[in-house]
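Trainee: Submitted below is the structure of interest, expressed as structure tokens.
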Amino acid sequence: GQNIDQPTEMTATEGAIVQINCTYQTSGFNGLFWYQQHAGEAPTFLSYNVLDGLEEKGRFSSFLSRSKGYSYLLLKELQMKDSASYLCAVIGNAGKSTFGDGTTLTVKP
Amino acid sequence: EAQVTQNPRYLITVTGKKLTVTCSQNMNHEYMSWYRQDPGLGLRQIYYSMNVEVTDKGDVPEGYKVSRKEKRNFPLILESPSPNQTSLYFCASSSEPYNEQFFGPGTRLTVL
């Protein structure tokens, strides 16, 4: 099976940098996704990693280490609108996907 | 506009009354999936479909049925709903399992 752990809550200040960690244990691995979900809304795609290393996309970056079962999402120049839940998800064998419980990020002025 | 649609968006029903939540996508995606989300928890996969006529159980399939007779549609069926199925349900699709998923707006179901 799959097990995904990420912190429940984080708080950061507007303009700062925050790193959200995700560790996983899987019986198969075909990629790791990060999604953003604002309260009452559907999740939206942020990033995808399948190989080790850093993927950068504007203010957002995501890192993956397959040997350590570890990923992080880095958010730079935080804005108030970044207050949301961030979901780590792993695609395992045969297309099965498993999500972590999400990290609720609160950005304060 | 490329999108995933779900209907109904909100539903209050009673225990044992069969219901269907529809899901449709207009992006010609192969992969579709159903999730439920409960307070404080992430998304838990109920069923997924790699292609037409191919469906597989996710982590929490008990009490649910699905069918994939057409590429664009993936309905979720609750034959005999129970209060523990009260939840927020999301349908999602992607061009293939290892690509980003596009989510529908969600269906908030309450079973009394």
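Trainee: Summarise the partner chain shielding of B:41-53 as one whole number: the mean count of Cβ atoms from other chains within 10 Å of each residue's Cβ.
Mentor: 4
Trainee: Further question: Using the Cα centre of region B:1-70 as the reference point, and only Cβ charges (+1 on K/R, -1 on D/E), how large is the resulting charge dipole? Debye, rounded to the nearest 20.
Mentor: Rounded to the nearest 20 debye, it is 340 debye.
Trainee: How high is the relative contact order of chain B, given as a whole-number percent (alpha carbon pairs under 8 Å, six or more residues apart)?
Mentor: Once divided by the residue count of chain B, the mean separation gives 36 percent.
Trainee: Here is a follow-up. Tell me, B:MET50, A:MET80 in order of fewest to most beta-carbon neighbours within 10 Å?
Mentor: Neighbour counts put them in this order, fewest first: A:MET80, B:MET50.
Trainee: I've got another one for you. Toward the positive end of the charge dipole of chain A, about the Cα centre and with charges on Cβ (Lys, Arg +1; Asp, Glu -1), which of A:ALA94, A:SER62, A:GLY40 goes farthest?
Mentor: A:ALA94
Trainee: Sticking with this structure for a sec: If you split all Cα-Cα distances of chain A into 5 Å bins from zero, what percentages do you get per bin, shortest first?
Mentor: 2, 13, 25, 25, 19, 10, 4, 1, 0
Trainee: Would the protein assembly as shown count as rounded, prolate or oblate if I go by the C-alpha gyration tensor, calling it rounded below 1.5 in a/c and otherwise prolate when a/b exceeds b/c, oblate otherwise?
Mentor: Since a/c reaches 1.5 and a/b is larger than b/c, the shape of the protein assembly as shown is classed as prolate.
Trainee: What would the Debye equation give as log₁₀ I(q)/I(0) for region B:32-76 at q = 0.13, 0.26 Å⁻¹, counting only Cα atoms as equal point scatterers?
Mentor: Debye output, listed in q order: -0.27, -0.88.
Trainee: Which trypsin sites (Lys or Arg not before Pro) in region B:46-105 pass both tests, a DSSP loop state and at most 11 other beta-carbon atoms within 10 Å?
Mentor: In loop regions of region B:46-105 (DSSP not H, G, I, E or B), the sparsely surrounded trypsin sites (Lys or Arg not before Pro) are B:LYS69.
Trainee: Across chain A, where is the longest run that never hits trypsin sites (Lys or Arg not before Pro) in a DSSP loop with at most 16 other C-beta atoms within 10 Å?
Mentor: A:1-58
Trainee: If you don't mind, another one. Is the shape of region B:1-52 best called rounded, prolate or oblate, per the rule: a/c under 1.5 gives rounded, else a/b larger than b/c gives prolate, else oblate, with a ≥ b ≥ c the square roots of the Cα gyration tensor eigenvalues?
Mentor: Because a/c hits 1.5 or more and a/b exceeds b/c, region B:1-52 counts as prolate.
Trainee: Take every residue in peptide A:35-48, count the Cβ atoms of other chains within 10 Å of its Cβ, and give the average of those counts.
Mentor: 4
Trainee: Counting pairs of alpha carbon atoms under 8 Å apart in space and at least six apart in sequence, what relative contact order in percent does chain A give?
Mentor: 37 percent
Trainee: Averaged across the residues of B:93-104, what count of C-beta atoms belonging to other chains lies within 10 Å of each residue's C-beta?
Mentor: Shielding by partners across B:93-104 averages 5.
Trainee: Next question, about the same structure. Let me confirm the definition first: pairs of Lys residues in the protein assembly as shown, 8 or more apart or on different chains, C-alpha distance under 13 Å. How many are there?
Mentor: 5
Trainee: Let me know the shape class of region A:44-102, please: from the alpha-carbon gyration tensor, a ≥ b ≥ c as square roots of the eigenvalues, rounded when a/c is under 1.5, otherwise prolate if a/b is greater than b/c, or oblate.
Mentor: oblate
Trainee: For each of B:ILE77, B:ILE46, B:ILE12, count neighbouring Cβ atoms within 10 Å of the residue's Cβ, then give the residues from fewest to most.
Mentor: B:ILE12, B:ILE77, B:ILE46
Trainee: Where does the charge balance sit around A:THR23 when Lys and Arg score +1, Asp and Glu -1, over other residues with C-beta under 13 Å from its C-beta?
Mentor: 0
A short reminder: the numbers here are calculations on the coordinates, not readings from a lab. Please read all numbers here as calculations on a predicted model, not as lab measurements. Don't worry about glycine lacking a Cβ; one is built from the backbone with ideal geometry, like all the others, and counts go over all protein chains shown.
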